[in-house]
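Notes for the one structure printed next.
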Amino acid sequence: MNYDFHSLLQLPLFLGMGRSELADIEQEVSIGSAHSRRGAILASENEACTALVLVAKGTVLASTRSDDHSYEIVETLQAPLLIQPEHIFGIKQRYTATFKASTYCEVIRIEKQMVLKLMELSMTFRLNLMNIIATQSQRYSRRLWHQMNENIEKRIIRFVKDRCIYPAGQKQLRTKMTVLARELGCSRLEISEALHRLEEKQLLIVKRTIIEIPMLQLL
């Protein structure tokens, strides 16, 4: 099903595009859309990224795992959401996380051939895509240079923030305290005490192998 081109003007990749510019590309480019039910997989870890996938409406769960699968971060992300656009080009053209619809979602898919056509036809589209990818790149490049705080609570917060796709909203860290202690270079007891202090401040909820963070920005 082709997407209504005029509805695209509200979405990040098409912001600032005039209706005349949109009318010009409408004749040249095909953009598909679909409705995804709750639980549908929109993109999977290690799946080839052959298109730009844009969630126009709905809520998505993004799951990112460590290389050894000893911990996982699950994020609740709201539309509009462009799923890992930086992976459509470059040396590794595969998704690094799994994205699943947690509500009904309206999904727009632009195949790579059509992306190249849009970049050729529209300066607005080209600049929007470049800005989105550049912002992601700049955010990631600074993470390793953040100062490691001696305070265990702040180390836990930094650990989660540095591994999130979006630095706000609801998150879950799924791991054991022994793994978190190993990653942060401290004892399991120190981790346990720090987590319970944060829980007393109502900033997170500690379960057996899940740490729930209702609003990451409050940390």
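The values are calculated or read from the model by the stated rules, or taken from the named source; none is laboratory data. Values in this document were obtained by computation on a predicted structure and should not be read as measured data. So basically every Cβ, Gly included, is an ideal-geometry build from the backbone, and we count neighbours across all protein chains shown. Accessible surface areas use protein heavy atoms only, side chains included; no ligands, DNA or RNA. Shrake-Rupley method; radii C 1.70, N 1.55, O 1.52, S 1.80 Å.
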Notebook entry, point to check: How big is the accessible area of Cys164 in square angstrom, nearest 10, if you roll a 1.4 angstrom probe over the protein chains?
Noted result: 0
Notebook entry, point to check: Given charges of +1 on the Cβ of Lys and Arg and -1 on the Cβ of Asp and Glu, with all other atoms neutral, how large is the dipole of the range 161-219 about its Cα centre, in debye to the nearest 20?
Noted result: 220
Notebook entry, point to check: With the contact rule set at Cα under 8 Å and sequence spacing of 6 or more, what percent relative contact order holds for the range 42-116?
Noted result: 49
Notebook entry, point to check: For the chain, what is the relative contact order in percent, using Cα pairs closer than 8 Å and at least 6 residues apart in sequence?
Noted result: 22
Next item on the list: Sort all Cα-Cα distances of the chain into consecutive 5 angstrom bins from zero, then give the percent of pairs in each bin up to the one containing the longest distance.
Entry: 1, 6, 13, 17, 17, 14, 11, 8, 6, 4, 2, 1, 0
Check: Across 5 Å bins from the origin, how do the percents of Cα pairs in the range 1-110 run, short distances first?
Finding: 2, 12, 20, 22, 20, 12, 7, 3, 2, 1, 0
Item checked: Å² per residue, accessible surface of the chain at 1.4 Å -> 55
Checklist line | Contact order normalised by residue count of the range 100-219, Cα under 8 Å, 6+ apart, percent | finding: 22
Notebook entry, point to check: How large, in percent, is the carbon and sulfur part of the accessible surface of the chain at a probe radius of 1.4 Å?
Noted result: 50
Check: What ranking of Tyr95, Tyr140 comes out by heavy-atom accessible area, probe 1.4 Å, highest first?
Finding: Tyr140, Tyr95
Item checked: Residue-by-residue Karplus 3J(HN,Hα) for the range 64-72, coefficients 6.51, -1.76, 1.60, Hz, glycine and proline x -> 10, 10, 5, 4, 8, 6, 7, 8, 8
